[in-house]
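Asker: Before we start, here is the structure in question, set down as structure tokens.
Derivation of every value follows stated rules applied to the coordinates shown; laboratory data play no part. Treat the numbers as computed from the prediction; the structure is a model and nothing was measured. In this analysis, Cβ positions are derived from the backbone assuming ideal geometry, glycine residues included, and neighbour counts consider all displayed protein chains.
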Amino acid sequence: MYRIGEKPYPSKIMRDKLYELILRGERLDGRRPYQYRPLELKTSIIEKTDGSAMVNLGGTKIVAGVKTALGQPYPDTPDQGNIVVNAELLPLASSFFEPGPPDERAIELARVVDRCVRESKMIELDKLVYVHGRTVLVIYIDVYVLDYDGNYFDPSVLAAVAALATAKIPLYEVRNGDVIAKTESRFGLPVRKFPVSVTVGLIGDKILVDPTSLEESAIDTSIVLGWSDDDEMAAIQKNLQGLIRFDTIDEVIRVSREKSVELRTKLMEVLGRVGAPS
Amino acid sequence: MYRIGEKPYPSKIMRDKLYELILRGERLDGRRPYQYRPLELKTSIIEKTDGSAMVNLGGTKIVAGVKTALGQPYPDTPDQGNIVVNAELLPLASSFFEPGPPDERAIELARVVDRCVRESKMIELDKLVYVHGRTVLVIYIDVYVLDYDGNYFDPSVLAAVAALATAKIPLYEVRNGDVIAKTESRFGLPVRKFPVSVTVGLIGDKILVDPTSLEESAIDTSIVLGWSDDDEMAAIQKNLQGLIRFDTIDEVIRVSREKSVELRTKLMEVLGRVGAPS
Amino acid sequence: MYRIGEKPYPSKIMRDKLYELILRGERLDGRRPYQYRPLELKTSIIEKTDGSAMVNLGGTKIVAGVKTALGQPYPDTPDQGNIVVNAELLPLASSFFEPGPPDERAIELARVVDRCVRESKMIELDKLVYVHGRTVLVIYIDVYVLDYDGNYFDPSVLAAVAALATAKIPLYEVRNGDVIAKTESRFGLPVRKFPVSVTVGLIGDKILVDPTSLEESAIDTSIVLGWSDDDEMAAIQKNLQGLIRFDTIDEVIRVSREKSVELRTKLMEVLGRVGAPS
Amino acid sequence: MEKVEQRLITEDGRRIDGRALDEMRPVRIEAGVLDRSDGSAYIEMGKTKIYAAVYGPKEAHPRHLAQPHKAILNCRYHMASFSVEGRKAPGMTRREIELSKVIREALESIVILEEFPRSAIDIFIEVIQADAGTRTAGLTAASLALADAGIPVLDLCAGIAVGKVEGRIVLDPSEEEDKRGEADMPVAMAPRLGSIVLLQLNGRLNSSEFREALSLAKKGIDVLYELQRKALSKKFSGLTQIGED
Amino acid sequence: MEKVEQRLITEDGRRIDGRALDEMRPVRIEAGVLDRSDGSAYIEMGKTKIYAAVYGPKEAHPRHLAQPHKAILNCRYHMASFSVEGRKAPGMTRREIELSKVIREALESIVILEEFPRSAIDIFIEVIQADAGTRTAGLTAASLALADAGIPVLDLCAGIAVGKVEGRIVLDPSEEEDKRGEADMPVAMAPRLGSIVLLQLNGRLNSSEFREALSLAKKGIDVLYELQRKALSKKFSGLTQIGED
Amino acid sequence: MEKVEQRLITEDGRRIDGRALDEMRPVRIEAGVLDRSDGSAYIEMGKTKIYAAVYGPKEAHPRHLAQPHKAILNCRYHMASFSVEGRKAPGMTRREIELSKVIREALESIVILEEFPRSAIDIFIEVIQADAGTRTAGLTAASLALADAGIPVLDLCAGIAVGKVEGRIVLDPSEEEDKRGEADMPVAMAPRLGSIVLLQLNGRLNSSEFREALSLAKKGIDVLYELQRKALSKKFSGLTQIGED
């Protein structure tokens, strides 16, 4: 019903070729199975945001922006700030994407980014309450896919997390029940985790990471794993049709954990942080 | 413009056959012209509602649920509670129905149910005002067609009325202008009428009641009559294309009145009520 | 993306014929190039509005209505009343128009009418503030195209301006911060300008005014010029594909200015006003 | 809210606006009022003011909606934002969608759709002022617009509402009577076919009141039907006789 | 909000509703419950109540969506407005759109789509009461409805959620456990294929907890799979043996 | 709201950001910045940052929109939610829809659509930061993206806004000047064709001011046109000469 721009039928020939390569430890673009494409990450590129980042992962380009505003908490979390994530697969990024309201893929992307950020407890949301049950900080995270060559999950999570980690918000003061922004000085958000996601493609009994668009149409299925830190997952999303064989699961967990450490290290370098946050 | 899943062209052969049967007092499924299909009515089937009912009328299955909440009255009725009726023709019920927002048929169904409930003065809405012009009870009635073999009007009205008649709401107390729900004890809505609707199909100079889906495509037209009690109509809706001959109207009124008494008796049995409400 | 009911391919033959006629100072319907079609303007035709007007310009018929209500000012203009313009190209007006929400043409029309009214400073919006930053007059202008034979811009601006100029609103009084309407007496809006728009069609190095639907499909392009008074433009909108040659611009300005004076004179006659408003 | 509301019917059986119980408001009906459409009409009943236009028969679009053996009829009943007290938000309300359906079904009963297989006929009804009785007045105008477009019909049809006000059955209720009355029953008929094409009821009537209301509606419809025929003959005589108004 | 919340798991390893950690709620599964569809099923897990229906294979529509070499599968997971605490506004939420996608992708893994080129199979899942575990229960019902419709599949599939609650891994979390627990992991499997068809995680688990959760899910799924097969055999034996209930 | 607002133009004819009246903001223009599209471009004018991409010519879709004698051009001008002060709600605003139309009409004037009958060309303009002059900068980038895609055009076109600020005509107004100034006039030209392709005015100008503004726009457009040509030649020389940056 919501399937717009579905990918073409994966040619069996392409699948067989990819599988053969993987067996030899190779890939179509010369990478090894467990190797990511070159990653570039820049922050603070949109001056009108509170925080922003652009990520290039091979031929996939993502821009994320963070804006904050005062608002009401959700009724079931009166003691927490809000996070609102929106993602759009812009039609300029690929002929697979069409103009119009977010389709099921864009909604899934937004919700996976949301879960990585929220379930990892990246932001201490209880520190963003100004008047209990009435006034909290609302954090809007908007993610746009500008150019798409496969795997929009991992760079979107990276861009969102980098934008959040570098965001600067006003100091808010409560006076007689009113919340007033002191815009002259700006502070970072209370960040305590740096979640990253790792997308794993499965093909028969083998796996690979960070599939390109071409590989996405050849693999059997794929799964995204969000790691909140080196030891803990915060989100999982199997996200294409196809079967995951029980006997591949342990390797999926092992490899994704390993790659998550690698991605987080890179992220921390760009953010100028070493190790865990204070 | 709003015609989704329109029924196929009524075959002249089918119409002639049905007419011939009716002349002999028979129907395609063995019923007599003025006979309803078997009716089953169960209440309190969805624990998360304030009131609910499921109705099977032959092969047509309806579920209705009632939820209540505090809200603002409409500006032109500051001294009355609100009723909001929504109906959906679920695509799992028939290949005539499609996913998406309610089409013209679903909107018509909702509005006919609404009129039966509202115009019959079933609920004493003036007893649901807590703060005049500001806080009243809002009653949401949601009707879903789960399986469709013709005539969704009559079982929808039955389900909605049964759900309302068995609904339990909290006691509300007004303290210093605030309205507070005392959830420990629950009470019925102030019900004083039990409207039922009767759908009559017309074919030439003859009529029948409760048409099946197959009959709906063979009859000339149809009309729904909502009876608020044994002596009074509260709603009428001619609802398919086609002519109603002047000379059939008296019989339509007579028969629908008779059948309304029969349906209301059945309804009162299930509700465990005899005769008029106190 | 938003192109519904696009006009057919302008036949080169028709274009050449029109150009030849223009060279001789003639047009398809017998008019001279700089001549408008017959204009009829009636006001106060919809009793339920605060102001209304109907305009016939040749075969194009427009109805505009003005309603007012109290509302909040926009955050960036706390000291001004609001104007909200909506326009619809009704499907009964032309086979080029389709039912549904306003398409890009209707939105453009509304925004051009809005600019003519707003940028000309026709209404003294700062006189429509009752409580600074909190309660102002909101003026809704709804424009409907009922019959369409080309050039909906100029008669829409005329209808909107005439409806505004004849609108009567209640006297509002502020008592203890509440704004109360004294409906017994009604007053005009504070009007100080009478903007009109002139639509110019371009064909090669020649121009014409007030194109019909047939001419719109033959000309190279067109441009709408909104004149706030005899000496000043308030809005311009080039509004069809096609090139405007640099060497025609001066003539476009000269002619549109001249025609704007003519249209405004006609408007003032109907409004029973002479010259500038008091 | 007024504390003491005026009675809607005086002791001598007159209504607030001076009409008798069986008297309709002043009516004006014209055919051929819009140039672009294939047929059109205008109706005024009191302050209710409505245009109707017909396009077609034309190719059905999108194609899969086309019917091999008949034309499809589309109908949109729509109110201008400024047509009502207050301001209606743009876009179709649920009420407008329902009325579009019942009006279309009424017209499908009289148009000979089998004459135009695979085609579509579009009917647009635009209420520019709404002051009670808009669905029936709109239907009356639409039927006239169909005839003006030369589309073959079994009969013209016309409609009017009847109401129950302070216990009395009245013809063509005003907005005030509609709002404060006990029942509102819009009816439309194809008189020559001896048939009802539209029938709705909001509010409470017993069987005998219903019969009285239906007869009263018939009386009003006969008048409107005559006005429709006059409007058509005026339009077509105007077209054929040179020099006539 | 309660000030002091009840513990979710007692010292002797019982849950609030009395279940053991590895115990699922009472389940009821039926096939062939709706007449109009080509296949249907009903499932209850505790208070979660869901209908599923299948239409097809049928002509794909609109045409340009048809695939030359296989059927397309459409899936809509939808909740009744009254199915939840409070009232869900009508219309599809972002959550419902996401779940429709993951359920469809799970089912695409088991349906032999290549058997029906150029056609479409529609799956509708209607949650009439939601009390945790609706996506997996919905998928379980949908898989049964596909089989009831006679559509060839590689295997049945069934699903269940596992959770982490107060540090313990539990099967089939209740709504309360879901809301207050540390993690919720819906899993669906095609047991005979030795494969996972749906897997999501909300909340935090380490690698060994994940492995424990997955094993527990497998245990629950095996039970559901057996119930699916019984429901099918009851339905089809009922059809062939005259006089049976 | 500030009580006393700073003057926008100093006595010696300098603007708030130090520019002369006829000076545009720093510009950066690049072609071929996105890999997936058939042609693309990036433009920065001050803080305004915009990507444009072109797909096509390709089959028109849905089919009934195809034109037998020419390509259709689609254009979407869209702003990222975070591109403006505050946060724009997702979805197209009325402003974005209008600007999409005027930009498309400008580009239709220069693309040789007759070369590709029955096909479609899609142009997507994404404003990732908006700081005045976005429609003209977007058009400038889109024209470059069309050329980058190898689509035949009569000419490149470029655009810039001119404004009236405290009585003076200025080139390329900043957001502050736009908000507080008397007039804003976006202009785009195809210089080699001696023609205007886009022209709008918000605010008040008399005839002589209009002429002055148009000349000033021409001056800015000539600069942008040169930058477009350089960006193209850089892109294509980069493609043909091995070892170049």
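Asker: Share of antiparallel DSSP beta bridges in chain D, in percent to the nearest 5? Each step should come with its number before you reach the end.
Answerer: Numbers: 42 of 50 bridges.
Around 85 percent of the beta bridges assigned by DSSP in chain D are antiparallel ones.
Asker: Taking only Cα atoms, what is the 0 to 90° angle, nearest 10, from helix C:249-271's long axis to the longest principal axis of chain C?
Answerer: 50
Asker: Since chains C and A are linked by a rotation, which residue in C has the beta carbon closest to its axis, and how far is it in Å?
Answerer: Spelled out, residue of C and its Cβ distance from the axis onto A: C:101, 8.
Asker: If you plug each phi of segment B:103-108 into the Karplus form 6.51 cos²θ - 1.76 cosθ + 1.60 with θ = phi - 60°, what whole-Hz ³J(HN,Hα) values come out, in order, with x for Gly and Pro?
Answerer: 8, 4, 5, 5, 5, 4
Asker: Still on this structure, I have one more. For a protection proxy built on the mean count of beta-carbon atoms within 10 angstrom, sort D:159-165, A:25-31, E:8-14, D:104-110 highest first, please. Write out the running numbers ahead of the final one.
Answerer: On the way: D:159-165: 27.3, A:25-31: 13.6, E:8-14: 11.7, D:104-110: 24.0.
Put in order of decreasing packing, that is D:159-165, D:104-110, A:25-31, E:8-14.
Asker: Something else about it: For segment A:11-271, calculate the relative contact order in percent as a whole number, restricting contacts to Cα pairs under 8 Å that are 6 or more residues apart. Walk me through the numbers before you get to the answer.
Answerer: Values: 583 pairs, mean separation 54.1, N = 261.
Answer for segment A:11-271 is 21 percent.
Asker: What share of the DSSP beta bridges in segment A:11-271 is antiparallel, in percent to the nearest 5? Spell out each step's value before the answer.
Answerer: Details: 51 of 59 bridges.
Approximately 85 percent, going by the DSSP bridge assignments.
Asker: Then there is this: From the P(r) of segment C:11-271, could you give the percentage of C-alpha pairs in the tail past 26 Å? Present the calculation step by step, with values, prior to reporting the outcome.
Answerer: Working: 14273 of 33930 pairs.
Tail of the P(r) past 26 Å holds 42 percent of the pairs.
Asker: Considering only the label points, 7 Å along Cα→Cβ from Cα, what distances in nm to one decimal separate residue F:194 from the same position in each other copy, shortest first?
Answerer: 8.0, 8.0
Asker: Under 25 °C and 0.890 mPa s, how fast does segment C:223-278 diffuse according to Stokes-Einstein, given a Kirkwood radius computed over C-alpha pairs? Answer in µm²/s, whole number.
Answerer: Details: Rh = 12.7 Å.
Rounded, D is 193 µm²/s.
Asker: Another question, if that's okay. Please work out which residue of chain F brings its Cβ closest to the axis of the rotation superposing F onto E, and round that distance to whole Å.
Answerer: Its Cβ sits closest to the axis: F:62, 5.
Asker: Something else about it: For peptide A:239-252, compute the average count of partner chain beta-carbon atoms within 10 Å of each residue's beta-carbon.
Answerer: Values: counts 5, 3, 13, 6, 13, 8, 4, 8, 2, 2, 5, 3, 0, 1.
Across A:239-252, the average partner-chain Cβ count within 10 Å equals 5.
Asker: Now for a different question. Which of F:18, F:86, F:138 ends up with the largest GNM mean-square fluctuation for chain F, with Cα atoms connected below 10 Å?
Answerer: Fluctuation is largest for F:86.
Asker: Write down Rg/Rh for chain F, rounded to two decimals, with Rg from the C-alpha atoms and Rh from the Kirkwood relation over Cα pairs.
Answerer: Working: Rg = 18.5 Å, Rh = 18.7 Å.
For chain F, the value is 0.99.
Asker: Taking the label point 7 Å from Cα in the Cβ direction, how far apart in nm is residue D:23 from each other copy of itself, listed shortest first?
Answerer: 8.1, 8.1
Asker: What share of the DSSP beta bridges in the protein assembly as shown is antiparallel, in percent to the nearest 5? Please list the in-between numbers first.
Answerer: Numbers: 300 of 348 bridges.
Just about 85 percent of them are antiparallel.
Asker: Considering only the other residues whose Cβ falls under 14 Å of the Cβ of residue B:12, what net charge follows from Lys and Arg at +1 and Asp and Glu at -1? Before the final figure, lay out each step's value.
Answerer: Working: positive: B:15, B:17, D:70; negative: B:16, B:20, B:220, D:114.
With Lys, Arg at +1 and Asp, Glu at -1, the net is -1.
Asker: Within the set A:48/F:234; D:47/D:235; B:193/D:164, which residue pairs have Cα atoms separated by over 27 Å?
Answerer: The answer is A:48/F:234.
Asker: Once you place label points 7 Å from the Cα toward the Cβ at residue D:179 and residue F:5, how far apart are they in nm?
Answerer: 4.4
Asker: Shifting gears a bit: Can you tell me which lysines have their Cα less than 16 Å from the Cα of residue D:70? Leave out same-chain residues fewer than eight positions away.
Answerer: Partners within reach: B:7, B:12, D:58.
Asker: For peptide C:70-79, compute the average count of partner chain beta-carbon atoms within 10 Å of each residue's beta-carbon.
Answerer: Values: counts 0, 0, 0, 0, 0, 1, 3, 1, 1, 1.
Average per residue, whole number: 1.
Asker: Suppose R0 equals 56 Å. What FRET efficiency, 1/(1 + (r/R0)^6) with r the Cβ-Cβ distance, do residue C:45 and residue A:186 give to the nearest 0.05?
Answerer: Values: r = 57 Å, r/R0 = 1.02.
That pair, residue C:45 with residue A:186, gives E of 0.45.
Asker: Same structure again: Counting only other chains, and only Cβ atoms inside 10 Å, what mean value do you get across the residues of E:94-105? Could you put the intermediate results ahead of the total?
Answerer: On the way: counts 10, 2, 1, 10, 10, 3, 6, 10, 6, 0, 5, 6.
Counting other chains' Cβ atoms within 10 Å and averaging over E:94-105 gives 6.
Asker: Here's another thing I want to ask about it. Shortest first, in nm, what separates the label point of residue B:99 from those of the same position in the other copies (7 Å along Cα→Cβ)?
Answerer: Reported distances to equivalent positions: 2.5, 2.5 nm.
Asker: Also: What number do you get for the protein assembly as shown when its Cα radius of gyration is normalised by 2.2 N^0.38 Å, N = residues? Mind showing how you got there, number by number?
Answerer: Details: Rg = 34.6 Å, N = 1569, 2.2 N^0.38 = 36.0 Å.
So the Cα radius of gyration is 0.96 times the expected 2.2 N^0.38 Å.
Asker: Which value in Å is the Kirkwood Rh of segment B:136-278 over different Cα pairs?
Answerer: Numbers: mean 1/r = 0.0582 Å⁻¹.
For segment B:136-278, inverting the mean 1/r across all distinct Cα pairs yields 17.2 Å.
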